[in-house]
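Visitor: This is the structure, below, for whatever I ask next.
What follows is calculated from the coordinates using simple rules that are stated; it is not laboratory data. Not measured: the values here are computed from a predicted model. Heads up, the Cβs are rebuilt from the backbone with ideal geometry, glycines too, and the neighbour counts pull from every protein chain shown.
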Amino acid sequence: MNMLNEKLSRIKLLLTDCDGVLTDGGVYYGEAGEEFKKFDIRDGMGVERLRNFAGVTTGIITGELSPSLIKRAEKLKITELHLGVKDKPEVFKEILMRLDLRPEEVAYIGDDTNDLEVMKLAGFGACPADAISFVKEVADIICEAKGGEGCFREFAEQIIASKQETKLDTGETIELMVSSKREAISVRPAHKTITLNSGNKIGPGEPCYIIAEIGINHNGSLEIAKQLIDEAVTAKASAVKFQKRTPEICVPKDQWNIMRDTPWGRITYIDYKRKTEFGIVEYATIDQYCKKLGIDWFVSTWDAEAVDFMEQFDTPIYKLASASLTDFQLIKRILLTGKPLMLSTGMSTIKEIEDAVNLVWSFDEQYPLFIAHSTSAYPCKPEELNLKMIQTLAAKYPGVPIGYSGHETGLATTVAAVSMGAAFVERHFTLDRAMWGSDHAASVEPQGFQRMVRDIHDVEAAVGDGIKKVYESELGPMKRLRVNMGEEYRDKSLV
């Protein structure tokens, strides 16, 4: 651990100025005077994540008296709230004495001249990108984000990362001095397992949840769909997944009348999309068929009406396709169902992933969420798979099961994704890669899918626990080949 992270890992309390750091610094007047402030949702999540994942509490020291700050502190459960402060260093010293904290256990983030002295007293100082030059000179870290635009969250994530680097055991208790008493705060486990309404579980310690994505590879045929379900069951997949769209919403109108050669002849693009779309009769049949065979099924919904349609069925998950990661209205509609949400992250920047996750957490900080790393190329070249992103996402979002949605042509890389920590994987599934349709070429055929499932479970069994031991199967070779054996084995009957 480097010196910077070592200092960050000691922090137990993060104090902050408010105006210009947690808010946008603007002044908004209501009938009773200054009542309103604009807060960045990312900063609020930073407070929650510090508390939940690092055992670090947050306090506010500000010269302001805005009622909106009180309400904000109540919402974020910030009890160390000091308003209308004229002497910040004096308040800082009082907090340390009352909570029995050393300066190196407290960090401060500020942006203006009235923060200078208290930043010098704190064990660690940070400031937003738009802080005045004098503050930047004394800060240990200058955030990339500006005040009111997520700088607090950025600093919070650095503290969380430093805590994780110390490799705290799950369930370890961190002691903080709060309200003149020692209050034990149990750190939330680094990862969590989510139980689906089908009884299946996804998360660390559970078998990889393997999804056979049928998508639109049924080509509008219920019989082909049932054959694919049969093959998925034979391959021992955990689930099959389809796609549900409202063509009139999802297909841009300027593409409706483009002519296309299809198995139904030369028809317009909108008619083609209608023919590949299942309705209530088909999905009711699929629902009954999957329940009979004991396999989970769910869909990627591409519009809000599709979510309304799917609410007729009790599927265990809603999947959000990579193309929809920035469709906040669709995400909000899914969140209203309360069902676990699986986000796919192809064609997305880190910021777009952050924005989608923050939207979910702003709705409910405990919302059951999955994140799938993906690259949206069909088929995808191995050098663009970037499987290390699985570990990057796992480090960035501890507590969220991370998986992999692959579009490559081989099987080895999907198996490798599991060895790198993927709690679930998804691959497109087809009866024949030569079939007509856009997704078949990047799909896996039944025999290949069987091999992939087998290899994934072999890898899971082979990973082990990382503790070196001598297995019973090694005792015979040890007797035959070792010149000197340890005392613990000399008296054993080796056969």
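Visitor: Using only Cα atoms and rounding to the nearest 10 degrees, what angle (0 to 90) does helix 88-99 make with the longest principal axis of the chain?
Guide: Approximately 70 degrees, to the nearest 10.
Visitor: Tally Lys/Arg at +1 and Asp/Glu at -1 over every other residue whose Cβ is under 10 Å from the Cβ of LEU325; what's the total?
Guide: The answer is -3.
Visitor: Also, I was wondering about something else. Helix 446-463 sits at what angle to the longest principal axis of the chain, using alpha carbons and giving 0 to 90 degrees rounded to 10?
Guide: 40 degrees
Visitor: Amide H of ALA129 versus every other amide H placed in the peptide plane: which residues, excluding those fewer than 5 positions away on the same chain, fall under 5 Å?
Guide: Those qualifying (amide H under 5 Å, at least 5 residues apart or on another chain) are CYS143, ALA145, LYS146, GLY147.
Visitor: Now for a different question. For all pairs of alpha-carbon atoms in the stretch 1-142, what percent lies in each bin of width 5 Å, listed from the first bin to the last filled one?
Guide: For the stretch 1-142, the pair-distance distribution reads 2, 10, 20, 23, 23, 14, 5, 2, 1, 0, 0.
Visitor: Here is a follow-up. Apply the Karplus curve 6.51 cos²θ - 1.76 cosθ + 1.60, θ = phi - 60°, to the phi angles in the stretch 266-272 and return the couplings in whole Hz, x for Gly and Pro.
Guide: Values, residue by residue: 8, 9, 6, 4, 5, 5, 4 Hz.
Visitor: For the stretch 392-397, just list the computed ³J(HN,Hα) in residue order, Karplus coefficients 6.51, -1.76 and 1.60, θ = phi - 60°, integers in Hz, with x standing in for Gly and Pro.
Guide: Values per residue, Gly and Pro as x: 4, 5, 5, 6, 6, 10 Hz.
Visitor: Tell me what the chain gives for mean residue ellipticity at 222 nm when only DSSP H runs of n ≥ 4 count, each as -39,500 (n - 2.57), the sum divided by the residue total, rounded to 500 deg cm²/dmol.
Guide: -10500 deg cm²/dmol
Visitor: So for the chain, what percent of the C-alpha to C-alpha distances run longer than 29 Å?
Guide: Considering the chain, 59 percent of its Cα-Cα pairs are separated by more than 29 Å.
Visitor: Let me ask something else about it. Can you pull out the chymotrypsin sites (Phe, Trp or Tyr not before Pro) in the stretch 195-281 that DSSP calls coil and that have at most 13 other Cβ atoms within 10 Å?
Guide: Answer in residue order: TRP264.
Visitor: Here is a follow-up. I'd like the GluC sites (Glu not before Pro) in the stretch 432-485 restricted to DSSP loop residues with at most 13 other Cβ atoms within 10 Å, sorted by number.
Guide: Counting only loop positions with at most 13 other Cβ atoms within 10 Å, none of the GluC sites (Glu not before Pro) in the stretch 432-485 qualifies.
Visitor: Now, a different point. Working from Cα positions, state the angle (0 to 90°, nearest 10) between the long axis of helix 280-293 and the longest principal axis of the chain.
Guide: Approximately 90 degrees, to the nearest ten.
Visitor: Could you put ILE286, ILE214 in order, starting from the residue whose Cβ has the fewest other Cβ atoms within 10 Å?
Guide: By the 10 Å Cβ count, ascending, the order reads ILE286, ILE214.
Visitor: For the stretch 357-495, evaluate the Debye formula with one uniform point scatterer on each Cα (no solvent term) and list log10 I(q)/I(0) at q = 0.15, 0.21 Å⁻¹, rounded to two decimals.
Guide: -0.83, -1.22
Visitor: Among the listed pairs LYS38/LYS396; LYS93/LYS146; LYS163/LYS319; LYS244/LYS339, give every one whose C-alpha distance is greater than 22 Å.
Guide: Exceeds cut-off: LYS38/LYS396; LYS93/LYS146; LYS163/LYS319.
Visitor: For the stretch 194-463, go through all pairs of different Cα atoms, get the mean of 1/r, take its inverse, and jot down that Kirkwood value in Å.
Guide: That comes to 18.8 Å for the stretch 194-463.
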